[in-house]
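Right, one structure below, let's go through it.
The values are calculated or read from the model by the stated rules, or taken from the named source; none is laboratory data. For clarity, every value in this text was computed on a predicted model and none was experimentally measured. We place every Cβ from the backbone using ideal geometry, glycine too, and count neighbours over all the protein chains shown. Protein only, heavy atoms only, side chains kept; ligands, DNA and RNA dropped before computing areas. Shrake-Rupley method; radii C 1.70, N 1.55, O 1.52, S 1.80 Å.
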Amino acid sequence: MFSIESATHTAPPDLGRANRILVVEDEELIREMVVLALEDEGYRVTVAEDGTTALGLIRDTERSADQFPFDAIVLDIMLPQVNGLDLCRLLRHQGNPVPILILSAKGSETDRVLGLEVGADDYLTKPFSMRELIARCRALLRRHRLETATQPIVLQFGDLALYPQECRVLARGEQVNLSPKEFRLLELFMGSPRRVWSREQLLDRVWGVDFVGDSKTVDVHIRWLREKIERDPSTPEYIITVRGFGYRLG
Ligand code: CA
């Protein structure tokens, strides 16, 4: 059913420390084959046999991307206790950008879409070959490295500072606690100061094109965001309403 093909060693070795991969899989046979294949490629592998154990391994750490103990997660969907989709959803809700490759016995389009909708980066249907798994993991790590390398360490505007990799915002030197949607909104604004965004554009970028709901959602989140970052939310100096168009920063 599962073939252990030794993956070809044509790709250049990863520079620096070995990538750390968390494998969450309850089926012993698959788990062991995946671990063997990944370790054979030089990855440092940690295993969890169920969702709760995985959560424990992840939760013990800070939310900061630099301190997250894994560079990628290979995640089975059907798990005892907490399932893979919920685990994935939770990590994304916390703003954790770790690349996630979902494994599933189900191959229907719905599961695939569902997996990607909860924030997984890639999806592999069982049975799969170990060569395929290695190729996907390698691609995922490479893509993630490129993304984080081009991401600025800090975005600044006036008295605001936003750290994309740490999901952290300071307003006048004080830490502000934003929800993931508020954070994403502010990140978008701070990435293009003075650009006017329509409510529809903000919905597409922050909530996703599949979001069902109206643009009032944007207004509500903008109000919450202002309450957290503005000196006086009733006369905002950061998030400005552009009547008839939308919003802009500054
Ligand atoms: Ca399973």
Treating the angle as unsigned and between 0 and 90°, give the value, to the nearest 10°, between the Cα long axis of helix 84-93 and the longest Cα principal axis of the chain. 30 degrees
As an exercise, identify the trypsin sites (Lys or Arg not before Pro) in the stretch 93-190 lying in DSSP coil whose Cβ has no more than 11 other Cβ atoms within 10 Å. Arg172
For the chain, what number of Lys pairs, 8 or more residues apart or on separate chains, have alpha-carbon atoms under 27 Å from each other? 4
Just to confirm, what accessible area per residue do you get for the chain at 1.4 Å probe, in whole Å²? 53 Å²
Arg172 and Lys126 label points (each 7 Å along its Cα→Cβ direction) are spaced in nm at 5.5 nm
What FRET efficiency would be calculated for the residue pair Ala149, Arg231, taking the C-beta separation as r and a Förster radius of 30 Å, to the nearest 0.05? 0.30
For the stretch 155-249, the dipole about the Cα centre with charges only on Cβ (Lys and Arg +1, Asp and Glu -1), to the nearest 20 debye, works out at 180 debye
Say R0 is 22 Å: what FRET efficiency, to the nearest 0.05, do Ser215 and Arg112 get from their beta-carbon distance? 0.15
Any chymotrypsin sites (Phe, Trp or Tyr not before Pro) in the stretch 170-250 that lie in a DSSP loop and have at most 12 other Cβ atoms within 10 Å would be Phe211, Phe245
Within the stretch 71-179, DSSP-loop GluC sites (Glu not before Pro) with at most 15 other C-beta atoms within 10 Å are none
Once all Cα-Cα distances of the chain are split into 10 Å bins that start at 0, what whole-number percent is in each one? 7, 28, 29, 21, 12, 3, 0
Just the number, please: carbon plus sulfur as a percent of the accessible area of the chain, 1.4 Å probe, no ligands or DNA/RNA counted. 51 percent
Pairing the Cα long axis of helix 180-191 with the longest principal axis of the chain, what angle in degrees results, from 0 to 90 and rounded to the nearest 10? 70 degrees
Using unit Cβ charges (K, R positive; D, E negative) and no other charged atoms, how large, in debye to the nearest 20, is the dipole of the chain about its Cα centre? 1160 debye
Please give the contour-minus-distance gain from Thr52 to Ile240: 0.36 nm per residue of separation, less the Cα-Cα distance, rounded to one decimal in nm. 63.3 nm
MRE, 222 nm, helices only [DSSP H, n ≥ 4, -39500 (n - 2.57), over the chain, to nearest 500]: -11500 deg cm²/dmol
Label points 7 Å out from Cα along the Cβ direction at Glu200 and Ala105: separation in nm? 4.5 nm
Sites Glu32 and Arg89, calculated FRET efficiency, Cβ-Cβ separation with R0 22 Å, nearest 0.05: 0.20
